[in-house]
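The values are calculated or read from the model by the stated rules, or taken from the named source; none is laboratory data. All values derive from a computational prediction rather than experimental measurement. Ideal geometry is used to build each Cβ from the backbone, glycine not excepted, and the neighbour counts take in all protein chains shown. Accessible surface is based on the protein model in full, side chains and every heavy atom, while ligands, DNA and RNA are left aside. Shrake-Rupley method; radii C 1.70, N 1.55, O 1.52, S 1.80 Å.
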Amino acid sequence: MSNYMIFGKDDCPYTQKARTDFKKQCKPFIYVNVDNNPHGLEKMLEYSEGQYIVPVIVDVDKGNVEIGYTD
């Protein structure tokens with residue numbers, strides 16, 4: 001089973017949807033709120049190649065990066 005990181009913002013509906021869906025699917029993840037975590041924002045921008053779009057979902061084990069979330 002893969003481990004995930006979700007970089008997002010608390011007030012973003014797509015971030016909220018991703019977190020809810022991951023919980024329902026029992027996918028383990030770490031949530032990084034980029035609004036109050038400057039280091040997290042920096043890491044998110046590295047994964048997204050400088051794009052400030054949330055959420056950015058990273059499959060830590062496989063290295064896959066998904067920018068945005070549509071389900």
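Some points to look at:
- Area of residue 71 that stays accessible when all protein chains are in place (1.4 Å probe, Å², to 10): 120
- Anisotropy class of the chain from Cα gyration tensor, a/c 1.5 cut: oblate
- Length-normalised contact order of the chain in % [C-alpha pairs under 8 Å, at least 6 apart]: 41
- Residue 70 sits with roughly 130 Å² accessible to a 1.4 Å probe, with DNA, RNA and ligands left out of the calculation.
- Furthest towards positive pole of dipole, 25, 55, 2, structure part the chain, Cβ charges: 25
- Under Karplus coefficients 6.51, -1.76 and 1.60, residue-wise ³J(HN,Hα) of the stretch 29-41 in Hz, glycine/proline x: 8, 10, 9, 10, 7, 6, 5, 10, 9, x, 5, x, 4
- Rounded to whole Hz, the Karplus (6.51, -1.76, 1.60) HN-Hα couplings of the stretch 61-67, x for glycine and proline: 6, 9, x, 6, 10, 10, 9
- Qualifying trypsin sites (Lys or Arg not before Pro) in the chain, where qualification requires a DSSP coil assignment and no more than 11 other C-beta atoms within 10 Å, comprise 62.
- Integer Hz, Karplus 6.51/-1.76/1.60 couplings in order for the stretch 15-25, x for Gly and Pro: 5, 4, 5, 4, 4, 4, 5, 5, 5, 4, 8
- DSSP-loop GluC sites (Glu not before Pro) across the stretch 30-70, with at most 13 other Cβ within 10 angstrom: 49
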